[in-house]
Amino acid sequence: MSSSAPSHDNDMTRHDAGTTRHDDGVVRRYDGLPQPDSDVPQPDGDVPQHDGDVSQHDERNDTTRSGALRGIRVLDLSRILSGPLATMVLADLGAEVIKVENTRTGDDTRQWGPPFQGDQAAYFLSANRNKRGIALDLKSPEGLAVARRLADRADVLVENFRPGTAERLGLGYQELAARNPRLVYASISGYGQTGPWASQPGYDAIAQAQSGMMSITGEPGQPPVRPGVATADIGAGMWAVIGILAALHARRHTGQGQLVDVSLLDGQLSWLTYVAQGWFATGQPPRPHGSAHPTIVPYQALPTADGHLMVAAGNDKLWRLFAETVGCADLADDPRFATNPDRVRNRDQLVPLLEAALRRRGREEWAKLLEAAGVPCAPIATVAEALTGPQAEARSMVTELDHPTLGRLRTVGSPLKLSDTPVHLRTAAPLLGQHTDDVLAENGYAPAEIAALRATGAVR
């Protein structure tokens, strides 16, 4: 910190060395990070302790990693998509993530295919890069002891068991927090840890159905539609990352971890945003509009001579430019369509007129004309077109990683672009139990102990 920088008040004061107790009762090291008081319960047994703040301790010694979360240790007990996606984001940001799988089949998604790449399911490969993998039998005393030791040394734990399962295994929040008070424990479930549905299993499609999302997705008058990706799982994973980062920040001031409780249903309800607010405002049930927007017209995919073109005329100026470019300048002056509220009310009269006009040319020709006029639009790309397009290439949204059996493996890149602590994609998803021996050795297990664990089937 430069001499001209303002000093922090009270509990945020920095010191050159040593520790000090501040007005809030928290002991802090020289770097201003909280350190638990000496009377805070520490993990029992022969588990080695961290020196003060875990992340700072690792920061000084870990020269193999970089990123905003360098030095943060994450124990990933999750499977399928929501939890693995969350821990992959943390790993992309530099955290050390240890993925725990069962010793028999591993993560369920290892069998979710086709498509496969070699003998690896594409689904599993998509959500587990940058992690080290170990296989444990959590139902065995020996496997449970290993998991607890790893949790004792972790900054973050992520699980997506059905509520109550982690507690029955001996890996619940209360038990692990008593051993490691600084642990940020993220629990992702279908319905959260409270409420009448808390004990029910969570599935992406069910959460989408129960949230109202499917009732507003699809074409009017047609059966409800599930989006092409698992929005409830992906959304819950993203909310979990946000909660974890907030809890880690709070820990800098309190010295304590906390429970982060995220549910698939809550996440989908929160994503209703303006749709929910519209229902609060009017009491009218929202309905599906296909590719169209409920409150902006024209803002939808329109058919051309050779495919669909997405048009986003988000205000009256863009509407006029659009109408003039497609040869419908008279419609911009028509009182039925002059303002956006007019166009929303008269959507069913306007859209057929626009569709007839756009069928006179192909989508690429219209795209060039509309872009030249300053009207936002784009042809509907296929997945292949999107991933091989020039913008995806310029933004490194497709990258290659080394896989232990598949060789060079293409994968979707990270959307996070940080100027000073950039994301690094280091390794492809691990094989089942690929790093078991290394992780155990790093956590104090001697070769003979590792061999004994393998002999009992507690690890793989």
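The values are calculated or read from the model by the stated rules, or taken from the named source; none is laboratory data. Computed from a predicted structure; not experimentally measured. Cβ atoms come from the backbone with ideal geometry, glycine included; neighbour counts cover every protein chain shown. Accessible surface is based on the protein model in full, side chains and every heavy atom, while ligands, DNA and RNA are left aside. Shrake-Rupley method; radii C 1.70, N 1.55, O 1.52, S 1.80 Å.
Descriptive notes on the structure:
- Being at positive phi and either within 38 Å of the chain's Cα centre (by Cα) or not aliphatic (A, V, I, L, M) (or both) is a condition met by no residue of the range 345-354.
- Filter result (open to solvent by less than 10 Å² (accessible area, probe 1.4 Å) and either part of a loop (DSSP other than H, G, I, E, B) or of a type in the set (Lys, Arg) (or both)) within the range 164-195: Gly170, Leu171, Gly172, Leu183, Gly190, Gly192
- Of all residues assigned to the range 310-322, at least one qualifies as being farther than 30 Å from Ser199 by Cβ, touching a Ser or Thr at 6+ places or on another chain (Cβ under 8 Å), charged (D, E, K, R) and not in a loop (DSSP other than H, G, I, E, B).
- Test: residue in the range 84-98 that is of a type in the set (A, V, I, L, M), part of a loop (DSSP other than H, G, I, E, B), open to solvent by less than 30 Å² (accessible area, probe 1.4 Å) and closer than 19 Å to Ile242 by Cβ: yes
- Helices (runs of 4 or more DSSP H) (entirely within the range 377-455) containing at least 2 residues that are free of Cβ contacts under 8 Å to residues at least 60 places away in the same chain, closer than 20 Å to Leu150 by Cα and of a type outside the set (S, T, N, Q): 436-442
- Residues (aromatic (Phe, Trp, Tyr) and outside any strand (DSSP E or B)) located in the range 113-144: Tyr123, Phe124
- Selected residue [open to solvent by 40 Å² or more (accessible area, probe 1.4 Å) and either part of a loop (DSSP other than H, G, I, E, B) or in contact (Cβ under 8 Å) with a residue 12 or more places away in the chain (or both)] from Ala305, Ala356, Ala367, Ala332: Ala305
- The set of residues in the range 145-163 that are open to solvent by 30 Å² or more (accessible area, probe 1.4 Å) and assigned to a helix (DSSP H, G or I) comprises Ala145, Arg148.
- Taking the criterion of being open to solvent by less than 30 Å² (accessible area, probe 1.4 Å) and over 26 Å from Gln300 (Cβ atoms), the residues of the range 209-249 that qualify are Asp233, Ala236, Gly237, Ala240, Val241, Gly243, Ile244, Ala247, Leu248.
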